[in-house]
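Student: After the structure tokens below, expect a handful of questions from me.
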Amino acid sequence: MNRFVLTAVLFAFAGTAPAQDVLIRNATVHTATTQGTLQNADVLVRHGRIAAVGHGLKAGDAQVVDAAGKPLTPALFAGINDIGVEEVSGEQATVDSTESLASGKDMAVRPEFDVTSAYNPESVLIPVARVEGFGWTMVAANPTNGGSLIGGQGGAFRLDGSLDPVGGRVLFLTLGGDSANLTGGSRAGQWMILDQLIDEARGRIAADSKFALLTPAGRATMAKYFGGGGRVAVTIQRASDIRRLLRWAKQRNVRIALVGASEGWKVANEIAAAKVPVFVDALVDLPADFDQIGATMENAAKLRAAGVDVGFYLSGDASHYARKLRQLAGNAVANGMRWDDALAGLTRVPAQAFGLDKDMGSIAVGQRADLVLWTGDPLDVANTASQLWLDGRAIPMVSRQTELRDRYLRRDGSTLPPAYSH
């Protein structure tokens, strides 16, 4: 069988293969819990869940893997991106992360748009992320220039071949200069539109009003998120906008998470007091626009020092370069963030933010056995993932990229790569 076909088959069956019992012995276990790091520790997996964490555990009939002291972490969070709903960004037929139902100059606000129904578990981007130690991702719904500041709903997917998301849906919203063009050219119009949407969802504006922006399904969807319901992920950058958003969310009882927050460090104490998680790109240190004048690579460290739960996301090419998230976390450490907090930003923090922490994000008894064994410090890009387990199943550490490498790599001093020798 052709190797590319064989790999595709392995990936296709990854979500249906039975869980395995395995004992990972003698590892440096970074639990991402209050237990911190355990030296020369064992992790026992049974029926796809972590059954025990400690020293000198008995394997029984479980497969034994000797970690030889190497780091073991939870499977990493691949960020907020379009993995599974985008293949080639320049080919519109392969991009399902946005919708634009506007007619002429009219805004079409469709919060009921749910991008998870377009997710492709056989996307070539999934194994590319997995071989780098990433086990799950948050697929976002993105606004478009012809749409509205509300992109729609997304959800979390485990990169195990499953068709369906895990946990609840997340509503995606963009505020500030990035979406002012969607509300008459002024960010002031954003708050006007948001308040109207709340009024519609609560029945204060008749459904048949000529000023109504929502469909009946849109009203029902909005009602789920306003009043203490599901999480609303808001892409926002400027400090004054963040402060206003915190006030608005408190008044209307909206559970928000901040995405971007390049100037978040300026209002870190207020964010911490509101108990709002923040996802930052720790490589942003230049003012890409007027909303990010105060951008600094110390943003993550300063937010965390104030008590904010900090996770990571990549602001550009997030789907194809998810592996860069390890670099982001390592960069945050280089700029003052504690190592354990940076690892938590790739594991526990996103799991908590999206309501998945009972199942994922740490190495603890009862958690899903989504684990990664590393050749060295996982926040140092000089090291690699040597094995990823999802539900205790060892995932093939191959992707289209590694197979192309192996196909065309010259070996043993041969004049031609293997692909050309026969």
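The values are calculated or read from the model by the stated rules, or taken from the named source; none is laboratory data. The model shown is predicted, which means the values in this text are computed figures rather than measured ones. Here the Cβ is made from the backbone with ideal geometry for all residues, glycine too, and neighbour counts use every protein chain on show. Surface areas here come from the heavy atoms of the whole protein model, side chains and all, with no ligands, DNA or RNA. Shrake-Rupley method; radii C 1.70, N 1.55, O 1.52, S 1.80 Å.
Student: Please report, for the Cα atoms of the chain, the Rg to one decimal and the Dmax as a whole number; what are they, in angstrom?
Tutor: Values for the chain (Cα only, Rg and Dmax): 22.5, 76 Å.
Student: Which residue, THR375, THR116, THR235, tops the fluctuation ranking in a GNM of the chain built on C-alpha contacts under 10 Å?
Tutor: THR375
Student: Restricting the count to DSSP beta bridges whose residues both fall in region 267-422, what percent are antiparallel, rounded to a multiple of 5?
Tutor: Bridges in region 267-422 are about 70 percent antiparallel.
Student: For LYS210, which lysines qualify as cross-link partners when the Cα separation must be under 21 Å and same-chain residues fewer than eight apart are set aside?
Tutor: The qualifying lysines are LYS105.
Student: Next question, about the same structure. Grab the Cα-Cα distance for ARG243 and ALA273, subtract it from 0.36 nm times how many residues apart they are, and report the gain in nm with one decimal.
Tutor: The span from ARG243 to ALA273 would gain 9.6 nm if fully extended.
Student: Just for the chain, what percent of DSSP beta bridges are antiparallel, to the closest 5?
Tutor: Of those bridges, close to 55 percent are antiparallel.
Student: Starting from the Cα of LYS70, draw a straight line to each of the aspartates and glutamates and keep only those under 13 Å, dropping any in the same chain fewer than 8 residues away.
Tutor: Once the sequence-local aspartates and glutamates are set aside, what remains near LYS70 is ASP42, ASP377.
Student: A further question follows. For region 165-226, count the residues as N, evaluate 2.2 N^0.38 Å, and divide the Cα radius of gyration by that value, please. Could you put the intermediate results ahead of the total?
Tutor: Working: Rg = 12.9 Å, N = 62, 2.2 N^0.38 = 10.6 Å.
Normalised Rg, Cα atoms only: 1.23.
Student: For THR33 and ASP208, what is the calculated FRET efficiency with R₀ set at 45 Å and r taken between the beta-carbons, to the nearest 0.05?
Tutor: 0.30
Student: Computed over the Cα atoms of region 19-72, what is the convex hull's projected area averaged over all directions, in nm²? Walk me through the numbers on the way to the answer.
Tutor: Values: hull surface 13.5 nm².
Over all viewing directions, region 19-72 projects a mean Cα-hull area of 3.4 nm².
Student: For ARG252 and PHE290, what does the FRET efficiency come to when R0 = 30 Å and r is the distance between their Cβ atoms, rounded to the nearest 0.05?
Tutor: 0.65
Student: Roughly speaking, what is the centre-to-centre gap between region 15-69 and region 282-336 when only Cα atoms are used, to the nearest Å?
Tutor: 31 Å
Student: Show me, bin by bin at 10 Å from 0, the whole-percent P(r) of region 223-373 based on Cα pairs.
Tutor: 12, 41, 35, 12, 1
Student: Excluding residues on the same chain fewer than 8 positions from LYS275, give the lysines whose Cα lies under 23 Å from its Cα.
Tutor: Partners found: LYS224, LYS250, LYS266, LYS302, LYS358.
Student: A further question follows. Would you mind counting up the charge near ILE193? Only other residues with Cβ under 12 Å from its Cβ, with Lys and Arg at +1 and Asp and Glu at -1.
Tutor: Here the count lands on -2.
Student: Let me spell out the model: positive unit charges on the Cβ of Lys and Arg, negative unit charges on the Cβ of Asp and Glu, origin at the Cα centre of the chain. What dipole size does that give, in debye rounded to 20?
Tutor: 760 debye
Student: If you roll a 1.4 Å probe over the chain with all protein chains in place, what percent of the accessible area is carbon or sulfur?
Tutor: On the way: 9250 of 18190 Å².
Carbon with sulfur: 51 percent of the solvent-accessible area.
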